[in-house]
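Notes follow once the structure below has been shown.
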Amino acid sequence: MKKYRSVSVVIWLLLGAAMLSATPIPIPGLYSTGTSGEGTIDPYYWLAASPYGSLPLYVVVTDGFPIPPWVANDGSSRWISRTANAQTDAVGLYTFRTTFDLTGFNPATANIAGQWSSDNSAQIWLNGVFTGVELSYEQSYRSLHNFILSGGFQPGVNTLDFVVNNWNCPGCNGSNPTGLRVNIVSAVAEPVPEPTTYALLGAGLILLGILAKRMRSA
């Protein structure tokens, strides 16, 4: 009976070590847009490219156009744009960028789930590769849309781009803003096992081998 108890202890030891190395935890440094509050510069997103060049991004205030028709800001995320009042912007492509670091994580296990909206159409690119996630509807800005990213991650720093196309609007009377809103619902990855985890697994396997040998000789 004692031998079986010992085997059970070793098995639980191995299972515990495996669970420690395979439990997803939040990815640090990845945030929703607009966390700094309306009218302020967003510290985590910036314009990497645009008709105006590379610029900081502001959290759009909600004292009138374009919110609505843009879906309203809330406590989870807010719209960001080239200016805080987001009245009009040049036609063209705007690359809204953020980065996060997967050092210490297994990039093959990373997963990001969220919601987003844009004015007008937009695509999500990860590390310079189009993810296949896009909003093609001109008035996508009227609601939030779900997205999931489960591949294309790399060790170390990752670059997440939201490339927004501000369409020409002949009937907008000079009011043609562009903007982005991203709500990160979940962003997790499994950490790379620490050396102590490997040591625990190794010790457990050695003990299991010793116990198995004793049971055969008994």
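What follows draws every value from the coordinates through simple rules; no lab data is involved. The shown structure was predicted, so the numbers you read here are calculated from the model rather than taken from an experiment. All Cβ positions, even for glycine, are placed from backbone atoms using ideal geometry, and neighbour counts span all protein chains on display.
Quick notes on this structure:
- Modelled FRET efficiency - R0 41 Å, CYS169 with ASN127, Cβ distances, 0.05 increments: 0.80
- For region 133-140, 3J(HN,Hα) per residue [Karplus equation, 6.51 cos²θ - 1.76 cosθ + 1.60, θ = phi - 60°, Hz, x = Gly/Pro]: 8, 8, 10, 9, 7, 4, 9, 4
- Cut-off under 5 Å, modelled amide H: who pairs with ASP42 long-range: LEU57, TYR58, VAL59
- Distant-in-sequence amide contacts of SER121, defined by a placed amide H-H separation under 5 Å and a gap of 5 or more residues or a different chain, comprise ASN165, TRP167.
- Region 46-138 - percent relative contact order, Cα under 8 Å, separation 6 or more: 25 percent
- R0 of 30 Å, Cβ-Cβ distance GLU38-GLN139: FRET efficiency to nearest 0.05: 0.85
- The phi-based Karplus calculation (6.51 cos²θ - 1.76 cosθ + 1.60; θ = phi - 60°) puts the 3J(HN,Hα) values of region 56-73 at x, 10, 10, 7, 6, 7, 10, 9, x, 2, x, 10, x, x, 4, 4, 4, 4 Hz, whole numbers, x for Gly and Pro.
- Fully extending the segment from ILE148 to SER54 would add 31.1 nm, taking 0.36 nm per residue of separation and subtracting the current Cα-Cα distance.
- In order along region 157-165, phi translates into HN-Hα couplings of 6, 10, 10, 10, 10, 10, 9, 9, 9 Hz, rounded to whole numbers, per the Karplus curve 6.51 cos²θ - 1.76 cosθ + 1.60 with θ = phi - 60° and x for Gly and Pro.
- For GLY34, the residues whose modelled amide H falls within less than 5 Å of its own, excluding neighbours fewer than 5 places apart on the same chain, are ARG78.
- Using the average count of surrounding beta-carbon atoms within 10 Å as a protection proxy, the listed peptides 70-79, 164-173 rank, highest first, as 70-79, 164-173.
- Percent RCO, i.e. relative contact order, over region 25-189, from Cα pairs under 8 Å lying at least 6 residues apart: 31 percent
- A DSSP coil position with no more than 16 other Cβ atoms inside 10 Å describes none of the chymotrypsin sites (Phe, Trp or Tyr not before Pro) in region 91-125.
- Extended-chain gain in nm, criterion 0.36 nm per residue less alpha-carbon gap, THR103 and VAL185: 27.4 nm
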